[in-house]
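The values are calculated or read from the model by the stated rules, or taken from the named source; none is laboratory data. Here the structure is a predicted model, which means the values were calculated and not measured. Don't worry about glycine lacking a Cβ; one is built from the backbone with ideal geometry, like all the others, and counts go over all protein chains shown. Just so you know, the surface numbers come from the protein's heavy atoms only, side chains and all, with ligands and any DNA or RNA stripped out. Shrake-Rupley method; radii C 1.70, N 1.55, O 1.52, S 1.80 Å.
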Amino acid sequence: MLLKSVPIFLFLLPVCLFLHAQQKVSGIVYDEKTKEAIPFATIRFGEKGQGIISDLDGAFEIPEAYLTGQIAFIEVSSLGYQPKKVTLPLHSNNIYLARDENTMSDVVIKPPYEKIRHIINRTVANKNRNNPDKYDWYQCHIYYKMIADVSFPDSVMKDTSARNRKKQSLANNQHLLLSETYSKRTWRKPRQLQEDVLASRFSGLKKAEFSSLITDVQPFHAYSDYLTLNGKDYHNPVSHGYEQYYKFNLVDEIVQGSDTVWELSFRPKTHHENDLKGTVYINSNGFAISRIIAKATDTMLHMDVRIEQQYEQLQVSDSERRWFPSHLNYIIDWKQQSKTKALTFHLKGNSLIDSVTWKEDKNFRFDKAHTVRIAAKANEIRDSTLAGLRPERLDAKEKRTYTVIDSLGEAAHIDKTMTYFSKLPEGQLPLSIFDLDVKRLFATNYYENYRLGLGLQTNERLVKWLSVGGWGGYGFGDAKWKYGAFAEVYADRYKEFTFKGGYTDDINDPGRVHINHDLDKNYLNYYLLQRVDETKTWWAEAKKKIGYWTITLTGRQQEILPQYHYALEYENTEHTTFTAQEVSLNLRYVFAERTAPFFNSYSSLGSNYPSWYANITSGTLEDGNMKTPYLQAVSAILWHKHINRIGYEHFLVEGGKSWSDNPLPLSKLFAGNGYKYDSRSAAVQTSLYTFGGLMTFYPYEYYTDQFINFIFRHDFDWKLYKAEIKETIFSSAPNICLQYNLLYGTLNNPAAQKYVSISVPDNAYHEVGLLLNNILRMRYVNLYYFTLNIGYFYHLSSVFDANKNARFVYGLGIDL
């Protein structure tokens, strides 16, 4: 009996395999014109609205559980394309959709507003539940690939001349640039992040000694109040207050088993707003974002920036599942156009996330000082090793990119050229074994008029752990030389543990409060030099970065020679020169500050939390029979915060106090941080605006021995209007900023300060300001804008006097 059934079994086996094969329906959805994959296309089948959604690469596979019934066709659709019915079985896995030219017209059908509100409100209410930043711990691996291309207009691609054939070959056979990074990302609440780069490769470079966070170029998720694209914040369409900024429409509703996925399109309410348009997919399971496409367009820069994100629900335990990003794309299309030619640069970053774990590794140690760590030899890894880390193989075009660009990079010595760029953020230019200090070449201020100089120091080509240098400059206004010499010893690779020492003979403004270079407006402070001290200083310094702390200990001996008519009265004797010995402890603390390596140093990527600074100085001041011990402490808190539905807030609070038995000279008091000045040759007096000081009094007008300074600025998100001056590179898109500044302080025995006119803000100095940022923008190579900002500040006093108490200001900036 068993033998008789064998032929029947052998006959039925291929039939069963054939039927099983018929049940598997998979394919990839493409744009019919561009042949590019369409992300998140809807594949609908069966009854009751059942369907699935393709992934970011347009790929889909219908699970067998959905194919138990008789399904004759599937319907494929995507916003902006004509829907298409495809009969089963598929004759080809490639499905092409044609663009719908009528999608930009106004939709007459009224959207179901109440249903849309219910879906989005539930999603916003569940943000903390689905937000990866709110998870206690996670660890995952990220494969990141960046591709840059250039495309030429059709006239070039159709031209068969020898010159254009090279361009066609470039566009068709390899990419312009290609880079890959494989890293491990570790997160612990709140805000502890570590990204360990395990492998890295950048076309054209033998060693890419730089890396950054994936989230520096794109958001890791879509649950923040703002989505940051290309360095600019945009309102998140799924956040509190969404109705202020966006219009929504319910495009589709797809049933997936017991879950429902709602496809919602969104666009800004007005063209003045700095917002996005796109599509978000909400899953009823947890009311979580399962997919999102968001695009920002700048018509004046001819630039489109787009993100595409896909999420998966992962198992945490037998009773818990969590949503987590699985695929992130970041795309920039940037057109460069002139009267004779047009080029489009295309950059795409593709991040694939896997190996997500939720159980905290108690042995893992976060390096708070270095958010991004590059493993030893990570940027020298072989392609065979990197191949084992890639989720998918490189295609022929990508392989050729490495071959061609690497050979070009070697021939052009790109690695050597990169060392020049690595020093530019520090204002230095490598010249053989020396670094040229570009900042020393030229300067201008009210006291010296112009200063020409030169600064050089040895670099790592001579000795890696030691640098010796000097500088000199000549001021034409005072006809004097200034000079200095120094030595630096580095105890680590990134120069975060250093010992320095040297001598300087230079000029300084008396009483200027220096807490940290993050707060100093050196370019403006130096320009406003008018009342100066000549200071001859021997100094030594030890500096160490420990986690979020930076600690600096400095000892100095100074000779102070005021270069203005001045004397300090002490016991009926006037003193005009002073000697000071000081020891200072400088502290900087920025919680959750993110940093990334750039060649031989780490750069700050900012923090969402306030920055705290402090400086404590103990010293002794001497001149003849005068010997005055003193102690000074100054501190500051700086915070920039973008608050949803309110705007961009900027806070700066500074305070200081001196303790001494006797009066101190101007050089050791606290000068009010005033930025008002008289233009050298201008019919209308204006001042250069910068955040951090008061605009309606002069730098040397107020002095204290204890003070508090409060500065607050509020930037509204919305634009007054957007206008472009046709056939020019100029446009206007102003937004309003309001500012309030306060200075309060006292001074013991102000009569001891002889032959100078100073005031004390013991009644408190108040001023208010109105700014119009981006009142004029000048487009530069279609990449960013140079901006002109104007404003008006007024000192609040008992008597209104616009001539005395008011000041027009202007500011220059860069806007992406």
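Looking at region 222-283, which trypsin sites (Lys or Arg not before Pro) are DSSP coil and have at most 14 other C-beta atoms within 10 Å of their C-beta? Before the final figure, lay out the partial values.
Numbers: sites: Lys232, Lys247, Lys269, Lys277; in loops: Lys269.
In loop regions of region 222-283 (DSSP not H, G, I, E or B), the sparsely surrounded trypsin sites (Lys or Arg not before Pro) are Lys269.
Taking every protein chain into account, the accessible area of the chain amounts to 50 square angstrom per residue (probe 1.4 Å). Loop-located GluC sites (Glu not before Pro) in region 530-627 (DSSP state not H, G, I, E or B) with no more than 14 neighbouring Cβ atoms inside 10 Å: Glu571. Positive end of the dipole of the chain (Cβ unit charges, origin at the Cα centre): among Ile814, Gly278, Ala369, the Cα lying farthest that way belongs to Gly278. Across all Cα pairs in region 210-302, the calculated P(r) in 10 Å bins from zero up to the longest distance comes to 15, 44, 30, 10, 1 percent per bin. Ellipticity at 222 nm from helices only: DSSP H runs of n ≥ 4 in the chain, each -39500 (n - 2.57), divided by the residue count, give -3500 deg cm²/dmol.
To the nearest 0.05, how large is the calculated FRET efficiency for His240 and Asn572 if R₀ is 60 Å and r is the Cβ-Cβ distance?
Numbers: r = 67 Å, r/R0 = 1.12.
Taking R0 as 60 Å, the efficiency between His240 and Asn572 is 0.35.
With contacts taken as Cα pairs under 8 Å at a separation of at least 6 residues, region 469-551 carries a relative contact order of 27 percent. In a simple Cβ point-charge model (Lys, Arg +1; Asp, Glu -1; nothing else charged), region 254-299 has a dipole of about 60 debye relative to its Cα centre. Using the Stokes-Einstein relation with a Kirkwood hydrodynamic radius computed over Cα pairs, the translational diffusion coefficient of the chain at 20 °C and a viscosity of 1.002 mPa s comes to 69 µm²/s.
Give me the dipole magnitude in Debye, nearest 20, for the chain about the Cα centre, with unit charges on the beta carbon: positive for Lys and Arg, negative for Asp and Glu. Before the final figure, lay out the partial values.
Working: 94 positive and 90 negative charges, 393 e Å.
That gives a dipole near 1880 debye.
The H on the amide N of Tyr700, modeled in the peptide plane, is under 5 Å from the matching H of no residue at least 5 residues off or on a different chain. Rounded to the nearest Hz, the phi-derived 3J(HN,Hα) couplings of region 598-604 under the Karplus curve 6.51 cos²θ - 1.76 cosθ + 1.60 (θ = phi - 60°) are 9, 6, 9, 8, 10, 10, 7, where x marks glycine and proline. Each Cα pair under 8 Å and six or more residues apart adds its separation to the average, and for the chain the resulting relative contact order is 8 percent.
Between Asn644 and Leu466, 0.36 nm times their residue separation minus their Cα-Cα distance comes to what? Please report the intermediate quantities before stating the final value.
On the way: separation 178, 0.36 × 178 = 64.08 nm, distance 4.80 nm.
Computed gain between Asn644 and Leu466 is 59.3 nm.
3J(HN,Hα) along region 762-775, derived from phi through the Karplus expression 6.51 cos²θ - 1.76 cosθ + 1.60 where θ = phi - 60°, amounts to 7, 9, 6, 10, 10, 8, 10, x, 10, 10, 10, 7, 6, 5 Hz, with x in place of Gly and Pro.
Report the GluC sites (Glu not before Pro) located in region 303-390 that are in a DSSP loop and have at most 15 other Cβ atoms inside 10 Å of their Cβ, or state none.
Values: sites: Glu308, Glu312, Glu320, Glu360, Glu380; in loops: Glu360.
Of the GluC sites (Glu not before Pro), the ones in loops of region 303-390 whose Cβ has at most 15 other Cβ atoms within 10 Å are Glu360.
In the chain, the portion of solvent-accessible area held by carbon and sulfur atoms comes to 56 percent [1.4 Å probe, whole percent, DNA, RNA and ligands not counted].
If a spin label sat at a point 7 angstrom from the Cα of Leu553 along the line to its beta carbon, the backbone N atoms of region 486-525 nearer than 13 Å would be those of 498-500.
Multiply the residue separation of Gln563 and Thr686 by 0.36 nm, subtract the distance between their alpha-carbon atoms, and state the gained length in nm to one decimal. Walk me through the numbers on the way to the answer.
Working: separation 123, 0.36 × 123 = 44.28 nm, distance 2.71 nm.
Result for the pair: 41.6 nm of gain on full extension.
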